[in-house]
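FYI, it's all coordinate maths here, none of it is from the lab. Remember, predicted model here, so these are calculated numbers, not experimental data. Neighbour counts run over all protein chains shown; Cβ positions are idealised from the backbone, glycine included.
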Amino acid sequence: MTSACLGTVAQAKVADHLQEFPDGLHVSKLSEVTGIECNYLARILRLLATKHIFREVSPDHFANNRLSIQLVSSNPLSSFSGFCADEILRSSTELHNTIVKSRPDKKRTAWSRATGHLDPVWEYYEKQDAVRAQRFGKAMIGFSSFITFDSTLYGFPWKDLAPKSTVCDLGSGLGHVSMHIAKACPQINIVLQDLPNTIEQAKLIWRERAPEIIDAGRVEFVPVNFLRQSPVTACDYYFMKNVIHNWSDPNAGRHFYERQKGHERHIQTSDSRICDATCCRVSAV
Ligand SMILES: C[S@@+](CC[C@H](N)C(=O)[O-])C[C@H]1O[C@@H](n2cnc3c(N)ncnc32)[C@H](O)[C@@H]1O
């Protein structure tokens with residue numbers, strides 16, 4: 001319920017509208033600008049206020065607080081809320097049907113069952129839904145900001161890498177994690193690899209946030225579909241963060257097979273660094 005409410009206010013940009021009214025705004029005014037029926041909006045905001053997201057300063061008057069301000073649309077956490085309340089919640093309705101032993105079509109994912117799209121969500125974004133694709137890219141920046149930037153930076157010895165080492169960030173998304181690493185470790189060069197539209201989006205973000213790294217020639221943007229193509233081969237390290245955790249074993253295997261194939265063609269050595277979540281027992285990984 002909370003996720004659905006968060007997604008709704010993020011989509012309706014309620015926190016943006018409240019920015020100019022630190023003392024609060026009547027829900028009828030918010031209803032006018034968001035197009036959400038007044039009574040429903042009041043109930044949604046009140047539910048969130050009971051969880052300390054927004055304040056109900058007086059009956060039916062709502063204001064931002066330190067939590068709700070994170071939902072302003074320019075903040076990637078707002079995109080993360082939207083993504084969770086949309087793609088994730090929709091898919092979750094099919095979790096049981098997807099994992100129960102007697103399921104009819106064993107190959108279909110929860111996403112595919114819930115939405116009717118047969119492509120994996122990444123290809124769906126790439127081919128059919130630029131708006132959700134952009135939101136997803138930003139959502140990953142939001143996710144990393146509260147969970148993994150520093151653990152990724154300090155969890156691997158990036159600072160000890162030799163000058164001019166090249167790190168390929170596979171399934172980089174917009175490359176925000178590599179950007180963090182590249183800024184902290186000026187001796188490292190980065191190659192970002194993801195699906196073509198994501199890589200185009202990444203170029204814009206890097207131009208905006210790290211133009212000095214682009215101008216110094218320290219980052220390359222190379223599109224790939226790594227289930228069908230080998231990644232670039234001349235890198236010293238291959239880094240994958242939050243990429244294979246939600247893949248089937250055959251697809252995860254497919255990716256590593258493609259990588260191996262590329263490397264066999266260009267005899268060289270390299271290291272892989274994987275940063276991901278697992279629910280398996282450590283002995284089973
Ligand atoms: C969960 S996101 C992780 C992004 C980033 N590494 C991070 O930690 O924020 C997974 C990424 O893998 C990419 N990806 C999925 N399938 C891919 C494929 N077949 N080829 C290339 N990239 C793919 C997606 O486009 C997405 O950007």
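List of remarks:
- Dipole magnitude of region 2-71, debye to nearest 20 (Cβ charges: Lys/Arg +1, Asp/Glu -1, about Cα centre): 260 debye
- Integer Hz, Karplus 6.51/-1.76/1.60 couplings in order for region 157-163, x for Gly and Pro: x, 4, 5, 8, 5, 5, x
- The mean sequence distance of close C-alpha pairs (under 8 Å, at least 6 residues apart), as a share of the length of region 56-142, puts its relative contact order at 35 percent.
- Taking region 115-201 and dividing mean pair separation by its residue count, relative contact order in percent (alpha carbons under 8 Å, at least six apart): 30 percent
- Cut-off under 5 Å, modelled amide H: who pairs with I190 long-range: V167, V219, E220
- Contact order for the chain, expressed relative to its length and based on alpha carbon pairs under 8 Å spaced 6+ residues apart, stands at 12 percent.
- Area projected by the alpha carbon convex hull of region 1-144, averaged over all directions, nm²: 9.8 nm²
- In nm, spacing of pseudo-spin labels at K203 and I147 (7 Å Cα→C-beta vector): 3.0 nm
- Karplus-derived 3J(HN,Hα), 6.51/-1.76/1.60, for each residue of region 270-276, Hz, glycine and proline x: 7, 10, 10, 10, 10, 10, 7
- In a simple Cβ point-charge model (Lys, Arg +1; Asp, Glu -1; nothing else charged), the chain has a dipole of about 680 debye relative to its Cα centre.
- Scaling the Cα radius of gyration of the chain by the globular reference 2.2 N^0.38 Å produces a ratio of 1.14.
- In order through region 237-247: 3J(HN,Hα) via Karplus (6.51 cos²θ - 1.76 cosθ + 1.60), integer Hz, x for Gly, Pro: 9, 10, 10, 10, 10, 6, 10, 8, 4, 10, 9
- Charge dipole (debye, nearest 20) of region 38-163; +1 at Cβ of Lys and Arg, -1 at Cβ of Asp and Glu: 360 debye
- DSSP loop GluC sites (Glu not before Pro) with at most 14 other Cβ within 10 Å: longest gap in the chain: 38-285
- Label-reachable residues, region 86-103, where backbone N falls under 19 Å from a point 7 Å from S73's Cα toward its Cβ: 86-87
- Spin-label model distance (nm) - M1 vs Q128, 7 Å beyond Cα toward Cβ: 3.2 nm
- Antiparallel %, DSSP beta bridges [both residues in the chain], to 5: 25 percent
- Amide H contacts under 5 Å for R273, placed H, 5+ residues apart: Y238, F239, M240
- Farthest toward the positive end of the dipole of region 1-136, out of V131, T2, L18, is the Cα of T2, where the dipole comes from beta carbon charges about the Cα centre.
- Estimated distance in nm for a label pair at L47 and D119, the labels positioned 7 Å out from Cα along Cα-to-Cβ: 3.2 nm
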